[in-house]
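Below is one structure, written out as structure tokens; the observations come after it.
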Amino acid sequence: MAHNLKNRSLLAGFFLLVVTAIGTSGYYLLGVAYGRPLWTLGDCFYMTVITLTTVGFGEILDLANVPGARLFTVFILLSGLGLAAYFVSTLTAFLVEGELTNVFWRKKMAQQIRKLSGHIVVCGVGRIGCSIMEELHRTHTPFVVIDPDEQRIRKLQEQLGDFPAVVGDATHARYLEEAMVSTARGVISTLSDDKDNLCVVVTCRQLNPKLRIISSCKDAEFAGKLELIGAEVVMPNAIGGLRIASQMLRPQVVGYLDLMLRDKNCPVRIEDVTLTDRSNLIGQPLSAINFDDFGPLLVMAIIRKDNPHPLYNPRRTVGLQEGDTLVVQTDIDSLERFRRLHT
């Protein structure tokens, strides 16, 4: 709405300038045609303006003694009066409605964020950030975005849906606090500058020491600094190189994983599920899971707290223990049902 009002205001303003220029030059040429330049361009411009705005200061130019001058004034008045009124009305609407829309939008975002707990805070919505948001949206994971570009956020909301967002610089503590980092379960920082990512990690660690933080990084030196303060580091350039090599060496596997991530009709994912002390599977064999109730559920591995080596493709007779993390492949709905019943 505000964008349309802006375009209409700019168009009306352009035509108003055109009419003003025509009026100014017209009065000046009428004076020249009468025999010599009777009026300066400043007087001609002033006469055009008071004619368009109908302020009624009277004729500052001697129109009565110049043939056609008053007829020209009538033309300017009739052609420009409606245009001037339209310009003023659209400009006022743009300023008022645009500002009000912005205020209501930010208030709505703040209300949504205050209701969240255990969400993910995404800092930066560049290329990497957009991909992260799409995945979080597909997996029904609550998240909040922090980015200084409000128009980019609104555009992404049109594409993905109405997710909560904070407009601001994620390196500043106030915007992280607005995103409720204190109640979040994780932060993902994908800012373009490694120094900014380092600043986000340090600030988040101060605001919530228990927070899980993942940061992108380009420089290996900065990766070490990020890891020292407890961040998990992902280097997109290195991952990109591995992906290219994998595409060459094992194209079918890479194609399978790509298809799994892109399939919107049946979003299957590889996820991890940790069994707490309240799980009804503790002390039970893996076969105690009724796999038929959870669609395409496949347990690919079991990771144990006291064993650095996962149990790949575990047998159904393996006993489950508190703290075991099951690496499973299944669709999102089945995963949510499994977590409700067994964790």
Check: Filter region 258-277 for residues that are surrounded by fewer than 14 Cβ atoms within 10 Å (Cβ to Cβ) and without any contact (Cβ under 8 Å) to a residue 24 or more places away in the chain; which is nearest to the chain's Cα centre (by Cα)?
Finding: Arg262
Checklist line | Subset of region 212-238 that is among the hydrophobic types (A, V, I, L, M, F, W, C) and more than 30 Å from Thr183 (Cβ to Cβ) - its residue that is surrounded by the most Cβ atoms within 10 Å (Cβ to Cβ) | finding: Ala238
Notebook entry, point to check: With respect to Asn290, is the statement that it is loosely packed, with under 14 Cβ neighbours inside 10 Å, on the phi > 0 side of the Ramachandran plot and not small (Gly, Ala, Ser) true?
Noted result: no
Next item on the list: Being in a helix (DSSP H, G or I) and in contact (Cβ under 8 Å) with a residue 12 or more places away in the chain is the filter; apply it to region 141-153 and report the residue that is nearest to the chain's Cα centre (by Cα).
Entry: Ile153
Notebook entry, point to check: Which of the residues spanning region 158-178 are in contact with a Pro (Cβ under 8 Å, 6 or more places away or on another chain) and surrounded by 20 or more Cβ atoms within 10 Å (Cβ to Cβ)?
Noted result: Val167
Note to self: Criterion first (within 20 Å of Leu341 (Cβ to Cβ), surrounded by 15 or more Cβ atoms within 10 Å (Cβ to Cβ) and touching a Phe, Trp or Tyr at 6+ places or on another chain (Cβ under 6 Å)) does Leu297 satisfy it?
What the structure shows: yes
Notebook entry, point to check: Taking region 313-331 as the region of interest, how many residues are outside any loop (DSSP other than H, G, I, E, B) and more than 14 Å from Asp272 (Cβ to Cβ)?
Noted result: 2
Item checked: Arg304 being farther than 14 Å from Arg269 by Cβ, in contact with a helix residue (DSSP H, G or I) (Cβ under 8 Å, 6 or more places away or on another chain) and surrounded by fewer than 16 Cβ atoms within 10 Å (Cβ to Cβ) -> no
Margin query: Within region 108-120, does at least one residue satisfy the condition of being at pLDDT 90 or above, of a type in the set (A, V, I, L, M, F, W, C), buried (at least 17 other Cβ atoms within 10 Å of the Cβ) and not in a loop (DSSP other than H, G, I, E, B)?
Written below: yes
Checklist line | Matching residues, region 311-332, being more than 28 Å from Arg262 (Cα to Cα) and without any contact (Cβ under 8 Å) to a residue 24 or more places away in the chain | finding: Leu311
Item checked: Near pairs, Cβ below 7 angstrom, 6+ apart or cross-chain, from region 21-35 (in the same structural domain as Arg70 (by TED's automatic domain parsing)) to any residue that is among the polar types (S, T, N, Q) and part of a helix (DSSP H, G or I) -> Gly23/Thr48; Gly23/Thr51; Thr24/Thr48; Tyr27/Thr48
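The values are calculated or read from the model by the stated rules, or taken from the named source; none is laboratory data. Treat the numbers as computed from the prediction; the structure is a model and nothing was measured. Positions of Cβ are backbone-derived with ideal geometry, glycine not excepted, and every protein chain shown enters the neighbour counts.
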